[in-house]
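Everything below concerns the one structure shown next.
The values are calculated or read from the model by the stated rules, or taken from the named source; none is laboratory data. Just so you know, these numbers come straight off a predicted model, no measurement behind them. All Cβ positions, glycine included, derive from the backbone under ideal geometry; neighbour counts span all protein chains shown. For accessibility, only protein heavy atoms count, side chains too; no ligands or nucleic acids. Shrake-Rupley method; radii C 1.70, N 1.55, O 1.52, S 1.80 Å.
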Amino acid sequence: MQDKEKLMTKGRHTRVRILGLVSFTLVIAAVTYGFAEANTVHSSGLMGTGYGVKSPYKISKINYELDVENPTRFIAVDFEVDQENIFVTAGVSATEKGKIIWSDECECTSSKWSCTFNEGVDVLAADWLHVTPVQ
């Protein structure tokens, strides 16, 4: 009889542990989803920390492509724009109103833009992304 009680108690502990693991996994998934959803950056900067985007358009899904030979520099920036049938150029600066390093070329596929920097740009010089229409 005692062996049967031990097996039942062990089974309960196993179920509680599995339930706890599943709950923990769901919490982590919810937090990750919320963080990914907050990846859209508006022209006001990121929560007032001094980083952001300056553009008349809504810019999202920003991704910097690092230089393989020197990962302290990047060679391109990809992003999406909320409007189609426009032509834009992109640049980066260390501050919102600082000197802008403009990209050498920008290409568009649908609403996804990719702008390249032939010389590469120091990662520390890119706190702000500037996206402006081409005149």
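If I filter the range 125-134 down to residues being in contact (Cβ under 8 Å) with a residue 40 or more places away in the chain and among the aliphatic types (A, V, I, L, M), which single residue comes out as surrounded by the most Cβ atoms within 10 Å (Cβ to Cβ)?
Residue satisfying both the conditions and the ranking: 131.
Here is a list: 104, 82, 78, 67. Which entry is within 14 Å of residue 129 (Cα to Cα) and modelled with pLDDT of 65 or more?
Just a single option satisfies the conditions, and that option is 78.
Residue check, residue 45 against (1) at pLDDT below 65; (2) open to solvent by less than 90 Å² (accessible area, probe 1.4 Å); (3) in a helix (DSSP H, G or I), all met but one. Which one?
Single failed check for residue 45: (3).
Hey, any hits in the range 69-80 for a residue that's surrounded by 15 or more Cβ atoms within 10 Å (Cβ to Cβ) and assigned to a loop (DSSP other than H, G, I, E, B)?
Within the range 69-80, not a single residue is surrounded by 15 or more Cβ atoms within 10 Å (Cβ to Cβ) and assigned to a loop (DSSP other than H, G, I, E, B).
Please count how many residues of the range 51-68 are assigned to a loop (DSSP other than H, G, I, E, B) and of a type in the set (D, E, K, R).
Going through the range 51-68 one residue at a time, the tally reaches 2.
Being open to solvent by 40 Å² or more (accessible area, probe 1.4 Å), among the polar types (S, T, N, Q) and not in a strand (DSSP E or B) is the filter here, so list the residues in the range 86-119 that pass it.
95, 110
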